[in-house]
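Coordinate-derived values only; no laboratory data. Quick caveat, the model's predicted, so the values are computed rather than measured. Backbone-built Cβ (ideal geometry, glycine too); neighbour counts: all protein chains shown.
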């Protein structure tokens, strides 16, 4: 069904390439997490992913969650796996050591995260929520709040739900209507409805802490009047034990296309006017706090694209190797379909994209680590700017690619892929939400164009382009024809991107429609550029390894993946940039009539 | 849920553009089917699609078919709809008048077909099979066979199943192992297993005629040893009435990602050595006969891409119009999401592609009609060559686009699209098979590159390119800036395509890997070119209408659609052609290891 073998070698290789680019080795705190330490962690995580999580993936899809009498029952085996997950210390892997976590850097946590996401995406949805909440509390919580929540979250005794979306608001948080009325004792009475709440209710943990966006009575309208509240399902007594029910009711779960094992809940807070929450951070600054969680979630969601890509490739390769059909195009022999060039094209298309996206995801994680462990203010700012620029691109592009790869996987399986029993249709169904939740592709693209490029006068992007050009130069300097070709292609891609960005920066008010309509195509172009960049780094690194005669087959394959990507995917960048230049064509004059 | 309103205006407009291109009006037989006649037929069909078929679409998805004790039960309402379909004469719409059909030309039948496919794809799968079988019998059947089968098929008393695929053969028909042993009385005893047989068993009709590919005892190996047999589920008595069970057993149905209402059967023929078939056409010429059906099926499957695109657009537009969320980018007002440029981008992306693909599909239908009603041998050859070239491009490209559009529709719906109740997830799940059945995209691309281009020395393609260039010239000659821009873009696209094709024609034996690996990218490029071509025709036609002050809003919209496509999709053609030139990059050196 949906077996999973953690690609340890590819992950460690990606981390080596990232180490080389970022100078993690020079950071005192991070340097201690050397390759052999990381390998040991990943190996253990790989065993857990393969042995415990992957076998439950299809179970969760077939059974789904049940909703009866106001409570949610997870699929068979979910509770046991959850307990093992916590006992293994996986929940707190990257959380604060002060509260029982292992506080590993993100550049290790993200490969581990990738394994969970590949092996059983529906199951592990609670993990990013707990991780994000621990970040929020670390940034904005009082000491009392940290003490109250963090140990329980780190250990997995309690889980976290993120209650943003309201029935009529969707992605538009400014339209939040849930109310929070101060009680005079420092607490607030919460009342409102939320939908699409992942793991809003379940039977895995003894309590569920809802992070609820709501408005206090005198709050200003719009997004500047939203506050963040911690609203546990059961109240928490002074001694930290579980108290009375806090009027946090699940009113139903969604019947979804995929992620059947992950309960998506409609929640009603304060039906009996008895729902109490406590403010996290300052009043009316709720969105700022929530953005901390959302940035974490965007990185993690981008990794979901990688995880789906890896599953798609692994399964396709296995099937293509085992499935004998048709004759070889040159020998005429009856062969496995892995011998057919068009099948190879699909396999390398999935694999090269997964390898590139993985490198971007791990790179972002490493840059966040560096920004948290650097003492140089200018460096911290530069790192944060880079992360802020890369995150929306990675989130949106990786999830779009994840969807495309899941579709390609079904194509490799042919008719068998359409049949549910083979398990690959599930990848496609599960993946369909990842371009939507945590901010749709359109929302990421708007963030990219307007906040990360235009508001910044293109500075962060130009710095990035300088780095990409340097990578191209280093690749070209290796004096090998195949690498030089790629170096030239990447330099061209930078040039085309630069000149398009220059035009964008000079766009007048009359070009706003064009900017908006071209935002997703621009994001796609930049996503492709980032992939090309990382594959150039990978090819350069691999060529050094070949020169040193280290595992030449593996490293030659890495170069081949880069060559494939440059031939099959990089040309799309130029097409997307063309579109950006005239993205409003037809839009202004079209009259939408049903 | 899944409402459907037949786009009568768009369909009639597409037919007008096709009429103008093909000269149907000059053909004596075809000219009588004038626009007002066609409009009347389409209007009736539209009522049936909306009133009877569309309401059952979600029912079929939710209930699916049931398999008990060797027989298949279709979803509630299916049988009633089937009877109404036949009573309305829809089954025999394009079948022989000699046997009760209405024998309408394909350029009318395909718009009608599109309606069925939009409204309820799973239900109407039996229709293309009956249509294809009637073509086979018309071409290859004896008079006795025609008499035996056709009236019953045309009236819908009996349906047809197409039994090609075997458990270990997939698309590889040469590997067929089903046996057919002559009985000395002109009949054959059939024995073998087939899988993925659409409507192989069901409870709709009184008999099911299986067209089975099998080998006679002395048949040569491979594809030259395959014969075609008609194998009814129940034997047919001399007087045409239904006789004994013919040992045609359904052994199970597939649990699929989509098309739940269409039973996909595993069949076993002759378990008790009592399955009798009769030869259709000559022994060992079975594939040739089956190709007649498959060509019909390829066109119809391409139309499925159009049908899915239309549903995706209709639903997205309705949802985007009704759903209020977010603020307008320039006015700052709270608006329906149809006002957001990125949503408009997605809407026009779906609509422009659907409009273009529709024109291609109807054009192919009209060309087939002309080839069947022309007496000029050279003209018939030219028409057939054009159809042979266009068919694999249309089948593969339209179905790939159909899948992409169904994905875009879910994106417009956001989280609501992931929830099954809104009905649009079903479009995506249903559509996932259309790039696979009736020959995968890879198989269409191989047919295109090796049979339709290289074996033909590029003649048919060069003739096509000449026509596309003429369309561009006509568009450019209208002396309007917007049209001239598109004309120049299309001319460029032709130039780039020509020079790439020239290189392909000169490719040596050492470039076979490149040709194979580049076949799908080339097909995608040519698909894009065809869409650009038809949109150029549409824009030119619309501009004439505007000049004549006929329905200027509608016709201006058609020009806007063309402009949008040229900005957002045509640039992809150049990227795909780049890829074709180096499609083997990395492939030759990569070593596939699990």
Quote the relative contact order of the range A:8-154 in percent (integer), defining contacts as alpha-carbon pairs under 8 Å separated by 6+ residues.
22
Along the Cα→Cβ direction, 7 angstrom out, place labels at residue B:322 and residue B:484. What is the inter-label distance in nm?
4.6
How big is D for the range B:443-522, in µm² s⁻¹ as a whole number, if Stokes-Einstein is applied with the Kirkwood radius of its Cα pairs at 10 °C and 1.306 mPa s?
115
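Pairs of Cα atoms under 8 Å, at least six residues apart: use those to get the relative contact order of chain B, whole percent.
The normalised contact order for chain B reaches 13 percent.
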Average projected area [Cα convex hull, the range A:112-267], square nanometres:
9.9
I'd like the FRET efficiency for residue B:103 and residue B:20, computed as 1/(1 + (r/R0)^6) with the beta carbon distance as r and R0 of 25 Å, rounded to 0.05.
0.55
Structure-based [θ]222 nm, the protein assembly as shown - -39500 (n - 2.57) summed over DSSP H runs of at least 4, per residue, nearest 500:
-18500 deg cm²/dmol
Dividing the Cα convex hull volume of the range B:358-511 by residue count, how many Å³ per residue is that?
169
After finding the eigenvalues of the alpha carbon gyration tensor for the range B:98-180, what semi-axes result from the square roots of 5 times each, listed largest first in whole Å?
25, 20, 11
Could you state, as a whole-number percent, how many of the C-alpha pairs of chain B are farther apart than 30 Å?
53
Going by C-beta contacts inside 10 Å, put A:172, B:551, B:342, A:239 in order with the fewest on the left.
A:239, B:551, A:172, B:342
Principal axis extents for the range B:6-48, Cα atoms only, whole Å, descending order, please.
31, 18, 11
Could you grab the relative contact order for the range B:441-584? Cα pairs under 8 Å, six or more apart, rounded to a whole percent.
31
When averaged across all projection directions, what area in nm² does the alpha-carbon convex hull of the range A:445-584 cover?
8.1
Taking a point 7 Å out from Cα toward Cβ as the label site, list the nm distances between residue B:8 and the same residue in every other copy, smallest first.
6.7
Put the label 7 Å from Cα along Cα→Cβ for residue B:31; what are its distances to the other copies, in nanometres, shortest first?
9.0
Label points for residue A:83 built 7 Å along Cα→Cβ; distances to same position in the other copies, nm, shortest first, come to 5.7
Going by average Cβ density within 10 Å per residue, which order do the peptides B:413-421, B:350-358 take, highest to lowest?
B:350-358, B:413-421
Starting from the Cα of residue B:330, step 7 Å along the direction of its Cβ; do the same at residue B:69; then give the gap between the two resulting points in nm.
6.9
To the nearest whole percent, what portion of all C-alpha pairs in the range B:321-424 is separated by more than 21 angstrom?
55
For the range A:553-594, convex hull of alpha carbons as volume per residue, Å³
85
Using Cα atoms only, what is the angle between the long axis of helix A:459-476 and the major principal axis of chain A, expressed in degrees (0 to 90) to the nearest 10?
30
Helix A:143-155 versus the longest principal axis of chain A: what is the Cα-based angle in degrees, 0 to 90, to the nearest 10?
60
Using only the Cα atoms of the range A:174-217, what do you get for the radius of gyration and for Dmax, in Å?
12.5, 35
Computed over the Cα atoms of the protein assembly as shown, what is the convex hull's projected area averaged over all directions, in nm²?
45.1
Nearest-ten-degree value, helix B:125-140 long axis tilted from longest Cα axis of chain B
70
How far, in nm, would the chain grow between residue B:544 and residue B:83 when pulled straight, counting 0.36 nm per residue and subtracting the alpha carbon separation?
161.5 nm
Mind sorting A:505, B:526, B:389 by how few other Cβ atoms lie within 10 Å of their own Cβ, fewest first?
A:505, B:389, B:526
Among residues of chain B, the one whose beta-carbon sits nearest the axis that rotates B onto A, given with its distance in integer Å, is B:575, 2
How large is log10 I(q)/I(0) at q = 0.21, 0.22 Å⁻¹ when the Debye formula is applied to the Cα atoms of the range A:49-125, each weighted equally and without solvent?
-0.95, -1.00
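Residue by residue through B:312-321, how many Cβ atoms from other chains fall within 10 Å of the Cβ on average? Write down the numbers at each step before the final one.
Numbers: counts 0, 0, 1, 0, 0, 3, 1, 0, 2, 3.
The mean count of partner-chain Cβ atoms within 10 Å per residue comes to 1.
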P(r) over all Cα-Cα pairs of the range B:512-591, 10 Å bins from 0 to the longest distance, whole percent per bin, short to long, reads 19, 33, 22, 15, 8, 3, 0
As a footprinting exposure proxy, order B:5, B:535 by other Cβ within 10 Å, with the fewest listed first.
B:5, B:535
